[in-house]
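**Student:** The following block contains the structure, expressed as structure tokens.
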Amino acid sequence: MFVGQIVGSLFGLIKKPTATILYGSLAFAASMMLGISFLSLIPESVKITSLYFVFLSFIAGMAIMRIVDRTLPHINPELMQKEKPSVEKSVTMLVIGMALHNLPEGLAVGVAFALDPILGISVAFGIAIHNIPESIAVIVPLYALTRDKAKSFLITGATAIFELAGFLLGYFLLRGVSLELLGIFLSLAAGFMVYISIDELIPAAQIRQNPKVGFPGVIFGLISVLIIGYFG
């Protein structure tokens, strides 16, 4: 998942990705994260905890992400199209917003790894793809403000610390806990991922406006989830 931020940061500094790459990767990530949530995380949680707790924790996960999304600056990939430097306060808030967005994403990966390493890898891969355009959206205005590539790269990369913290929290604190509690956190993680996909990735992918790019991304994302599930 950290690789996505590195790749996105380098893309943003060296060369802006084409619309085909941007929209295709967003559609792929959205499809993969939805597939993982509904085909892996939720079914696994239903096996080990009651449907009542699965439903409540899934809704809670979406609600938490909604609060985070409404409170913090919304990370929009279209920011990469801006040429003029943003004001310092806006860029600072954007970086803080990205850092705090990373915490529940890392938690989702850690929870998945605590249950099954193969499932954890698939969740991490989907979030890594999602992190590429997200990092571009942050580093472009940041570089426009600082005019320092190294500093911009380090600041953007430092936001991954929150993702790592979320991963460690989810992985180590949930190892050895009751299966019912683990199931609750799996549903919570599914809620995180579904909200990110529906609220951020799908609208940003503009699938209806770019069907030749968006639909293949969706199909490949679902196929990837099925392949991982089959071999896992």
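**Student:** With θ taken as phi - 60° and the coefficients 6.51, -1.76 and 1.60, list the Karplus ³J(HN,Hα) couplings across region 124-135 in order, rounded to whole Hz; mark glycine and proline as x.
**Tutor:** With the stated coefficients, region 124-135 comes to 4, 5, x, 5, 4, 4, 4, 6, 4, x, 4, 5 Hz.
**Student:** Subtracting the Cα-Cα distance from 0.36 nm times the residue separation, let me have the gained length for Ile48 to Tyr230 in nm, one decimal.
**Tutor:** 63.5 nm
**Student:** In sequence order, what are the phi-derived ³J(HN,Hα) couplings for region 43-56 according to the Karplus relation 6.51 cos²θ - 1.76 cosθ + 1.60 with θ = phi - 60°, rounded to whole Hz, with x for glycine and proline?
**Tutor:** Each residue's phi maps through the Karplus curve to give x, 5, 5, 5, 5, 10, 8, 6, 4, 4, 5, 4, 5, 5 Hz.
**Student:** Right, here's the next one. Rounded, prolate or oblate: which fits region 171-232, taking a ≥ b ≥ c as square roots of the Cα gyration tensor eigenvalues, rounded meaning a/c under 1.5, else prolate when a/b beats b/c?
**Tutor:** Oblate, because a/c is 1.5 or more while a/b does not exceed b/c.
**Student:** Run the paramagnetic zone check for Leu169: 7 angstrom along Cα to Cβ, then residues of region 32-71 with backbone nitrogen under 19 Å.
**Tutor:** 57-71
**Student:** When the expected Rg is taken as 2.2 N^0.38 Å, what fraction or multiple of it is the alpha-carbon Rg of the chain?
**Tutor:** 0.99
**Student:** Also, I was wondering about something else. Which ³J(HN,Hα) values, rounded to whole Hz and listed in residue order, are derived for region 216-227 from phi using the Karplus coefficients 6.51, -1.76 and 1.60 in 6.51 cos²θ - 1.76 cosθ + 1.60 with θ = phi - 60°, glycine and proline given as x?
**Tutor:** Once rounded to whole Hz, the list reads x, x, 5, 4, 5, x, 5, 4, 4, 5, 5, 5.
Readers should treat all values here as calculations from the given coordinates under stated rules, not as data from a laboratory. Here the structure is a predicted model, which is why all the values come from computation and not from measurement. Here the Cβ is made from the backbone with ideal geometry for all residues, glycine too, and neighbour counts use every protein chain on show.
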